[in-house]
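The values are calculated or read from the model by the stated rules, or taken from the named source; none is laboratory data. Predicted model only: the values in this text are computed from it and were never measured. No Cβ is skipped: glycine too gets one built from the backbone with ideal geometry, and neighbour counts run over all protein chains shown. Note: accessible area is taken over every heavy atom of the protein model, side chains too, but ligands, DNA and RNA are not part of it. Shrake-Rupley method; radii C 1.70, N 1.55, O 1.52, S 1.80 Å.
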Amino acid sequence: MHDLGSLLKQVSARHSHLCPRQVLGVRMALAGASLLGFDLPRSDKAMLVIAETDGCFLDGLEVATGVTPGHRTLRIEDYGKIAATFVAVNSSQAIRLAPQSNVREEAYRYAPGENRHYFAQLHGYQIMPDEELFTASWVNLSPSVDQIISRPGVRTRCKSCGEEIINQREVLVAGEPFCRACIGQAYYGLQFPVEVLQPKQVGV
Ligand SMILES: [Zn+2]
Ligand SMILES: [Zn+2]
């Protein structure tokens, strides 16, 4: 069995606080991994976790599972949701967990005498049974887990900007590779190029 207390201590040390979302991250990690039959924490790449937000919740997931973006075992699809999908890479089985819609109210039942909702959640989430905390559904990944992980060492160059693209993230247009930015999926708008890289070009 996992020592919830020690996991919560580790995750709170990252932030100098322990909050309800960290608890949900740890609890969701334990529940998701056990539904797939994985022991935690992982130091291999057998389990992939796709989280639907960043922040405290994500720290809970990381600490309990051992997955990290650096090992390519943790990804963020930022939907702004406290939810995550746990994937068994070899079998492509994937299960998505999210909090029950009434989880905040239910937390009070597990924190008798506590009428501050933050603390009711903080304590309630630690002891509520998995099925009262979370919904869970088997899901199909799109793109597939093979496409997400892709083949190591693959690289190409964008036909438009010339920048290198790794991990098969190029988009083929008429058979030619383009980066997502050049086909209109950029998260930024280009202002103007920097001519010479030196600090303090723009006054602060
Ligand atoms: Zn927090
Ligand atoms: Zn490009």
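What the table below lists for this structure:
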read-out: Hull-based mean projected area of the range 127-204, where the convex hull spans the alpha carbons, in square nanometres; value: 11.4 nm²
read-out: Rounded FRET efficiency, nearest 0.05, which uses the C-beta distance separating GLU131 from ALA13 and R0 of 45 Å; value: 0.95
read-out: Value at 222 nm in deg cm²/dmol, rounded to 500, when DSSP H runs of n ≥ 4 in the chain each add -39,500 (n - 2.57); value: -9000 deg cm²/dmol
read-out: Cβ-based net charge around ARG151, under 14 Å, with every Lys or Arg adding one and every Asp or Glu removing one; value: +2
read-out: By accessible area with a 1.4 Å probe, ligands and nucleic acids excluded, highest first: order of ILE50, ILE127, ILE149; value: ILE127, ILE149, ILE50
read-out: The chain: angle of helix 117-127 to the longest principal axis, Cα-based, in degrees nearest 10; value: 80 degrees
read-out: Angstrom value of the Kirkwood radius, inverse mean 1/r, which spans all Cα pairs in the chain; value: 19.3 Å
read-out: Among PHE134, PHE192, PHE38, residue whose mean-square fluctuation peaks in a GNM of the chain (springs only between Cα atoms under 10 Å); value: PHE192
read-out: Fluctuation leader among SER92, SER150, SER142 - the chain, Gaussian network, Cα springs under 10 angstrom; value: SER142
read-out: Candidates MET47, MET28, MET128, ranked by Gaussian network fluctuation over the chain, Cα under 10 Å, top entry; value: MET128
read-out: Folded to 0 to 90 degrees: helix 56-65 orientation relative to the chain principal axis, Cα; value: 80 degrees
read-out: Dmax and Rg, reported as Rg then Dmax, of the range 1-96 (C-alpha, Å); value: 12.1, 38
